[in-house]
Amino acid sequence: MIRKKVNGVSMAKENFGLLKDSPISAPLHSCLLGRFVEDRFVYRQTFIIRSYEIGPDKTATMETLMNLLQETALNHVTSSGLAGNGFGATREMSLRKLIWVVTRIHIQVQRYSSWGDVVEIDTWVDAAGKNGMRRDWIIRDYHTKEIITRATSTWVIMNRETRRLSKIPEQVKQEVIPFYLNRLAIPHVENDVDKIDKLTDGTAERIRSGLAPRWSDMDANQHVNNVKYIGWILESVPIKVLEAYHLTSITLEYWRECRQSNLLESLTSTSRTSSATSEGSDGARKRSNPDLEYIHLLRMEADKAEIIRARTEWHSKSGD
C-alpha cells in the first residue's frame, strides 16, 4: 500500500480524497466543491446563495452565514482525512467519545450576499490556549474576491456521554497540530473580546418567553444546533430594528447546552457601552461605531439558567 503524508498525517494514497464506502469514484473535493490551498493549511469551498437562505430584504441572513461557516468547517475535517465517526470529531476523539463544542464566536459582516450570488469561504484552525482550538473563516465574493465577512471562534472538547468538558488528549493534539496555521481572520484590535454583561429581569428592556426547541433544531451531537440560537436571540429585538438596520456584528458566548425539552426566554437591552472607532499606534482600525448596539441573554424559562450571552451591532440600511 502506497502511503503519503498530508500535513504530517500518513494516509493511503489510493484512498486519499475519496468518499468512504461510497460508489462515487470522484474525488471528495469535487463532490463538496471544496479544496485545500496554501500547502493544505486552508480549506476553501464555494456556495451559491439559495432562495430559501435569504430574508425579507432578499439578502442572506446571519443564520445562513453561520450555516455556511459550519458546513465548511465540517467538510474541512472530513477532507483532511482526520474524521472519525463523530460530528466533526477526529478519529482519536471518536475512540474516546469526545466531541467539539463552541464556547465563543464572533462574526463581522461587511456586506450580505443576495440570492444567486456565489461566495468563497476559507477556513483554518490554530491553538487557543492549552486546551482549546480556534477556527477562523473569511467569506469573499467569488467573482470580485472582495472580503465580505470575517469570523473567529473558540472550541473545547466535551465527553459525548457525560457532557463534561475535557482536556485535549495528547493523541488528539498530535492529530490536529499539523493543520495549525498562525493567522487571524480578525485582527486583535478589531476583535470583540470584551465581557458581555448579564441581563436580568430588571435590566432587560424586552423579554420574549415560551420559545420551544423543536426536534428539527437538534444536531447530531444531541443538543440544539448553535445556529438555531440566533433566531431566538432576535425574537426580542424590536421589529423596527430588524426592518431598518443591518446586523453587522454578532458575538455569542455559549454557557451551557440546550435540549428539546427546555422552554427558553430571550432578553434584549440597549448596550451601555460604545464601540467607538479609533486607531491603534500602528494605524490599524479598531472596532467601528455602530448605529445601534444591543446585549442579549438566552436562558431557561424554568430556572433562569443562562444558555447564551450575546452582543449585536447594527447599521442603518438608509446608508446603503
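The values are calculated or read from the model by the stated rules, or taken from the named source; none is laboratory data. Bear in mind that the values here come from a model prediction, so they are computed numbers and not experimental data. All Cβ positions, glycine included, derive from the backbone under ideal geometry; neighbour counts span all protein chains shown. Side chains included, ligands, DNA and RNA excluded: accessible areas come from the protein's heavy atoms. Shrake-Rupley method; radii C 1.70, N 1.55, O 1.52, S 1.80 Å.
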Quiz item: From the phi of every residue in the range 48-60, what ³J(HN,Hα) in whole Hz does the Karplus formula 6.51 cos²θ - 1.76 cosθ + 1.60 yield, where θ is phi - 60° and glycine or proline is x?
Solution: 9, 6, 7, 5, 7, 10, 10, x, x, 8, 6, 10, 4
Quiz item: How long, wide and thick is the range 29-193, going by the Cα atoms along their three principal axes, in whole angstroms, largest first?
Solution: 45, 37, 32
Quiz item: What are the ³J(HN,Hα) values, in whole Hz, obtained from phi via the Karplus relation 6.51 cos²θ - 1.76 cosθ + 1.60 with θ = phi - 60°, for each residue of the range 99-111 in sequence order, with x given for Gly and Pro?
Solution: 9, 8, 10, 7, 10, 7, 9, 10, 10, 10, 10, 7, 7
Quiz item: What FRET efficiency, computed as 1/(1 + (r/R0)^6) with R0 = 30 Å and r the Cβ-Cβ distance, is obtained for Ile147 and Ala305, rounded to the nearest 0.05?
Solution: 0.20
Exercise. Bin width 5 Å, alpha-carbon pairs only: give the P(r) of the range 88-153 as whole percents, running from 0 to the bin holding the largest distance.
Key: 4, 14, 20, 19, 15, 11, 9, 6, 2
Practice problem: Quantify, in whole percent, the carbon and sulfur part of the accessible surface of the range 29-193 (1.4 Å probe; protein heavy atoms only). | Solution: 53
Practice problem: Calculate, for the range 29-193, the solvent-accessible area per residue in square angstrom, rolling a 1.4 angstrom probe over the heavy atoms of the protein chains. | Solution: 46
Self-check item: Kirkwood hydrodynamic radius of the range 182-277, Cα pairs, Å
Solution: 15.7
